[in-house]
Amino acid sequence: MARRALTLVLALILLAALTPVGVGLADYTAEECADGEWEVRPNQTLYSIAYICGTTVDALVAYNNIENPNLIRTGQILLLPPADFEPTGGAPSAAPAAQPTVSAPAPAPRTSGTGGVIVEFGEPLYSGDGRVVEVPITVHNLSVTPGIAGGRYYPGYDRDTPGGPRWVTLLGAVHDTIPYPYVTNEPLWHATVYTDDGLSFPAYVGCRYQETVYAQGDEPLSRADNIWFHWEVTLPGGWFDCGNAYQVKPENLLPGQSGSAPLTVYLIHPRLWNSVPTVDRRIVRIDLELFDTEGRSLGIVASQTFN
């Protein structure tokens, strides 16, 4: 009996690491935007704030007269623009009356692609201390059949299973200077990031680092007898969480469809943040590898350099 109990516990931990999470630890929610202000948290970028509050980086920059989008500070109060605010029209009287500055226009998306795919890379947005950078990525599937996969492919699953490839939500983090998930459970929008000090490491679109993740779910013991068991597990020690509802994860894209998701890059491991207050490392190139919905790699479909 003890051996069976141990086996069940190990199975639950493995199951939690390889199946979608029922309840995730959302850092922040849109409800916190309701008062029209946002206090910048550590390692946040304008891109993540814009996503949480349903606005755009351009609107935040114009509404708050921000001269450099990469120099927001922890504790800084940002006013959130109304839904009808037009960045090119200037801020209304309710916006902060700072010294007159002219924000540089947002650069045009960097576009590249091959093999029936076009990829747009947004401008990298660094947190104020430089430890985290977010790069918006948009993929256009022109002609890849049967489609571009957004989830993790499991070869043993029936191709006709509704919903297509399954998405892995928890990936073990390697605790080193640059964190990255174990390569046995990669999401399928897979980037290789190169930095100006000669480093290169994998990063995965739609993933965010979580020090501790809580997961729960219900699984069948016997479908014939309708017997189920409920499991809950807390996994400490650092995880890349790639599938909870509050995150933007890539979707499967059929020919003619497009999709966007953020690539969050940790330029220093989160466990070193206290000992390394600022980082001046910068991204110089990103290579993006995609897979089709049958699990076949399309290779490096886009490579983009940054100044």
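Please treat every number below as a calculation from the coordinates, not as lab data. Being a predicted model, the structure only gives us computed values, none of them experimental. A quick note on method: Cβ atoms are made from the backbone with ideal geometry, for glycine too, and the neighbour counts reach across all protein chains shown.
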Exposure-ranked with fewest Cβ neighbours within 10 Å first, E289, E31, E251, E67 stand as E31, E67, E289, E251
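Among Y209, Y47, which comes first, then next, by fewest other beta-carbon atoms within 10 Å?
In order of increasing Cβ crowding within 10 Å: Y209, Y47.
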What is the distance, in nm, between label points placed 7 Å from the Cα along the Cα-to-Cβ direction at D84 and at E67?
3.3 nm
Please give the contour-minus-distance gain from T145 to E232: 0.36 nm per residue of separation, less the Cα-Cα distance, rounded to one decimal in nm.
27.5 nm
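When Y63, Y214 are ordered from fewest to most other Cβ atoms inside 10 Å of their Cβ, what list results? List each step's numbers first, then the result.
Details: Y63 22, Y214 15.
Fewest-to-most ranking of Y63, Y214: Y214, Y63.
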Compute the length gained on full extension between V174 and A224: take 0.36 nm times their separation in residues and subtract their Cα-Cα distance, giving the result in nm to one decimal.
13.9 nm
